[in-house]
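These notes concern the structure reproduced below.
Each reported figure results from applying straightforward, stated rules to the coordinates on display, with no laboratory input. What you see is a predicted model; the values in this text were computed from it and never measured. Cβ coordinates were reconstructed from backbone atoms using ideal geometry, including for glycine residues, and neighbour counts include every protein chain displayed.
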Amino acid sequence: LTGGAFGANALPFDEEDKSPVFSTRRTAILANIKTLREEIKESEDKAQVECFEECIAMEIAHLEQVNKEQEKHDHVIAKARAASVKQVDVETGSEALKDEDL
């Protein structure tokens, strides 16, 4: 037993729309990339330019990670919404279809 209502690997169904969270994170990352590119344009030191370029590469990797997190989140939500829920009559034990199943 895991001690919780969900199995060890199960995720609770969460319909909360996290798109704004992902968008906010993307906006911040893109702002960082823009700032780094501006710093590269103004920099005269080759070592500094290389450092900024490495930072841009890390920001791009971070952006890819955010995209993967959103894809995973969207997949879990879509799968949960698509799951069929059956209502069972407690007295007879027979299954009843929901209105949207008709």
Of Lys34/Lys68; Lys34/Lys72; Lys18/Lys72, which ones are farther than 20 Å apart at the Cα? Lys34/Lys68; Lys34/Lys72
Region 45-79: which trypsin sites (Lys or Arg not before Pro) are DSSP loop and have at most 14 other beta-carbon atoms within 10 angstrom? none
Residue-wise, which Karplus ³J(HN,Hα) couplings in Hz belong to region 25-35, taking 6.51 cos²θ - 1.76 cosθ + 1.60, θ = phi - 60°, and x for glycine or proline? 5, 4, 4, 5, 5, 5, 5, 4, 4, 4, 4
Environment charge of Glu54, counting only residues whose C-beta is closer than 15 Å and scoring Lys/Arg +1, Asp/Glu -1: -3
